[in-house]
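*Asks:* Okay, handing you the structure first.
Derivation of every value follows stated rules applied to the coordinates shown; laboratory data play no part. Remember, it's a predicted structure, so these values are computed and weren't measured experimentally.
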Amino acid sequence: MRRRPQTLTLLSLLAILALVLAACGSSAESSTPAGDGEGNGDGGGTAGGETVSLSGGQFSPGTLTIAAGDTVTFTDTTGHTVTEGQDGTAVDDPIVDEDGGADIEVTFDEPGTYNITCKIHPAMNMTITVEG
Ligand SMILES: [Cu+2]
């Protein structure tokens with residue numbers, strides 16, 4: 001009958017220790033940021049932008065869906081223009097209308113559908129959808 005109190009004391013010490021550890025554990029847990037993952041990338045590895053190549057006399061890809069505020073970089077622009085419009089004709093007040101030669105970066109802040117064309121080659125057309 002002597003052992004029992006000792007056993008109980010030991011058990012209660014362990015219980016207290018367990019409670020302390022649990023408390024520490026939970027406080028550490030609460031300090032960790034809760035899921036900071038922002039949507040698992042929906043394809044495309046480039047963070048914060050998309051690239052459209054004009055190589056070969058066509059926009060590639062021919063359609064693109066981006067989020068408002070994203071920047072699209074047009075590459076291989078030599079001998080072309082990057083122009084908002086269709087079939088070689090710019091719209092009024094285009095968001096972009098630049099001669100090629102260097103990479104052309106365009107940031108699309110407003111949701112909507114944008115047709116992009118080349119004024120030198122009216123057959124060059126693409127569509128960019130900007131989602132809000
Ligand atoms: Cu062109």
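*Asks:* For the stretch 57-97, what is the Kirkwood estimate of the hydrodynamic radius, computed as the reciprocal of the mean inverse distance between distinct Cα atoms, to one decimal in Å?
*Replies:* Roughly 11.7 Å, rounded to one decimal.
*Asks:* Can you list the residues, at least 5 places off or on another chain, whose amide H is less than 5 Å from the amide H of residue 52, using H built in the peptide plane?
*Replies:* 73, 74, 75
*Asks:* If amide H atoms are built 1.01 Å from N in the plane of the peptide, which residues on other chains or at least 5 residues away come under 5 Å of the amide H of residue 79?
*Replies:* Answer set, sorted by chain and number: 100, 101.
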